[in-house]
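Asker: Sharing a structure, written as C-alpha cells. Questions coming.
The values are calculated or read from the model by the stated rules, or taken from the named source; none is laboratory data. Keep in mind the model is a prediction, meaning the values are calculated, not measured. Heads up, the Cβs are rebuilt from the backbone with ideal geometry, glycines too, and the neighbour counts pull from every protein chain shown. What goes into the accessible areas is simple: the full protein's heavy atoms, side chains included, and nothing from ligands, DNA or RNA. Shrake-Rupley method; radii C 1.70, N 1.55, O 1.52, S 1.80 Å.
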Amino acid sequence: FVNGDSAASLTAQPACSTTATSKSAVGSYPSTCAGAADANYTISYTPGSVTVGKAALTITANNATKVYGTANPTFTGTVSGQQAGDTFTEGFSTTAALSSPVGTYSIIPSVSGADLADYTQTVTNGTLTVTQAASTIALKVNSGSITPGESVMLTATVISTTTGTPTGTVNFYDNGTLLNAAPVALTAGVASYAATALAPGLTHTLTAVYSGDANFTASSTTAGVPVIVAPLDFTMTINGPSFATVIPGSAITYQVWVSPDYGAYSGTVNFAVSGLPPGATVSFSPASIPANGGPQIITVTIQTAPATAALQRPQPPPTGRRDAAPLALAALMLFGLGGLRKSRRALQRFFCLMVLLTAGAMATLSLTGCAGGFFNQAPKNYTVTITATSGNLEHSALVTLNLQ
C-alpha cells in the first residue's frame, strides 16, 4: 500500500480461512485469504498458517485426614481449563497405607481422558494428615483379697480402637498414689507389675494409666479395681501350765507366747491383766513388744498380798466330850499316885507325862480350824485374764491361780 492507504481502504475486503477448528489438535494449519479488490491496486495473496498450541489444564487435589490404622479416605480434587467438549477423569495416589504412622503424606492428583496431549498440565498436590488413634486400657489383678505382705500382680492391657498394637509405658496407682518407681513398658500391648507394699487393713483401689505413643493417644482405666488387704493380726497362747497354786505373800509366774501372723504387729503390743486376788500386783517381762519385735515369750509375774495369821478362839468340845480331858488327867493322876508308893523313878515319869499331855491340849485348843486353809483362810481359785493389745486388735488368754 502507498500514499497512506491501508487494507481498510480497499473497496472489497479479503476473506481469510484456515483448516484449523476449535477442536483441532495442537499443530500448524494453513490459512489463505481471497476476495479483496480495488481499482487502484493489483492484489496478490501469500498463504499463511495457524498454529494450535496446548491449552492450560490445572489439576488440584484437596487435603484430607485420617486416623492411624484406618483405610485412606476417598480423595477429591478439581480440574479446570478443559476446553469445550473435553472431559477428564481425576485420580489420586499417595504413599500412605493402613498402617502408615502418624504424619503427613502427599496426595498426588492425575487426570485421564481424550486429547490430554493438547493440554499443559499444572498439578497441585494435596496433603493427607494421619492422626493418632484412640486407645483403651483394662486392668486385672490375680487376686482381690490378699494377706499383709503378700504381693498382687497387676496386668494392664492396652488396645487400639482401630488397628495396630500400642507401644509405650504404663503407670499403676493405688488410690492415686504411684506404685511403680519407673514406668512399665508394654510388650505386645501388655504391661505387668507386682505390688508388694499394699498397706494392711484397707481396701485399695488400683488404676492404670497408659502414656500413649506416636500413633496412639493416652488412656486410663475408667474404674478402679479393688484389692482387700487383711489387717495385721497376732496370736497369744499360754506357754506351759495355766494352773498354779500359791500361798499368800508369794509370787507365781506364767509364760505367754505372742507371735505376729504376718511378720509384724499393727503397733506396739501392751499387756494388762484382770481378775487378780485382792491386793495382788502384776509385772511383765518384757513390758511391751515393738511393732517389729517378732515372736516373743512374755513372763507374767503375779505377786500375791501377804495374809495376817489370826488364831481362833477355842471352841467348846462337842456335847458328851466336854469333860473328857479332865477325866483323863484324873485317871492318870490316880494311876500315877498308885505308883508313887513303889518308886521315885515312877514319879518322875508321871510328871513328864503330865507336861506332854498339857502341851498337847493347849495346841489343840489354840489351832482348832486351821485345816481349812493357810492361816484359817479357805482356798480359792482365781481366773486371771491376760490381755495383749496392738492397735485396735486385742487377744486374751486365761490362767487359773489357786490361792491357799
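Asker: Among the candidates 271, 284, single out the residue that is of a type in the set (Phe, Trp, Tyr), surrounded by 15 or more Cβ atoms within 10 Å (Cβ to Cβ), free of Cβ contacts under 8 Å to residues at least 24 places away in the same chain and part of a strand (DSSP E or B).
Answerer: 284
Asker: If you check residue 162 against the conditions, is it open to solvent by 30 Å² or more (accessible area, probe 1.4 Å) and without any contact (Cβ under 8 Å) to a residue 12 or more places away in the chain?
Answerer: no
Asker: Could you tell me which numbered condition residue 64 fails, if it satisfies all but one of (1) open to solvent by 60 Å² or more (accessible area, probe 1.4 Å); (2) within 30 Å of residue 166 (Cβ to Cβ); (3) touching a Ser or Thr at 6+ places or on another chain (Cβ under 9 Å)?
Answerer: It is condition (1) that residue 64 fails.
Asker: Check whether at least one residue in the stretch 302-312 is closer than 30 Å to residue 392 by Cβ and either at pLDDT below 95 or among the hydrophobic types (A, V, I, L, M, F, W, C) (or both), and report yes or no.
Answerer: Yes: one or more hits.
Asker: Restricting attention to the stretch 101-135, report how many residues are of a type in the set (S, T, N, Q) and open to solvent by less than 50 Å² (accessible area, probe 1.4 Å).
Answerer: 2
Asker: Another question, then. Please indicate, with yes or no, whether at least one residue in the stretch 254-267 is surrounded by 14 or more Cβ atoms within 10 Å (Cβ to Cβ), closer than 30 Å to residue 383 by Cα, at pLDDT below 95 and among the hydroxyl-bearing types (Ser, Thr, Tyr).
Answerer: Yes, the stretch 254-267 contains a residue that is surrounded by 14 or more Cβ atoms within 10 Å (Cβ to Cβ), closer than 30 Å to residue 383 by Cα, at pLDDT below 95 and among the hydroxyl-bearing types (Ser, Thr, Tyr).
Asker: Can you name the number of the only condition in (1) part of a loop (DSSP other than H, G, I, E, B); (2) over 30 Å from residue 99 (Cα atoms); (3) in contact (Cβ under 8 Å) with a residue 60 or more places away in the chain that residue 293 fails?
Answerer: (3)
Asker: Now for a different question. With the checklist (1) open to solvent by 70 Å² or more (accessible area, probe 1.4 Å); (2) on the phi > 0 side of the Ramachandran plot; (3) at pLDDT 90 or above in hand, flag the one item residue 4 doesn't pass.
Answerer: (3)
Asker: Please go through the stretch 38-52 and pick out each residue that is out of contact with any Pro (no Cβ under 9 Å at 6 or more places or on another chain) and either at pLDDT 80 or above or of a type outside the set (Gly, Ala, Ser) (or both).
Answerer: 38, 40, 41, 42, 44, 46, 51, 52
Asker: Pick from 214, 218, 191: which is among the hydrophobic types (A, V, I, L, M, F, W, C), open to solvent by less than 50 Å² (accessible area, probe 1.4 Å) and in contact (Cβ under 8 Å) with a residue 24 or more places away in the chain?
Answerer: 191
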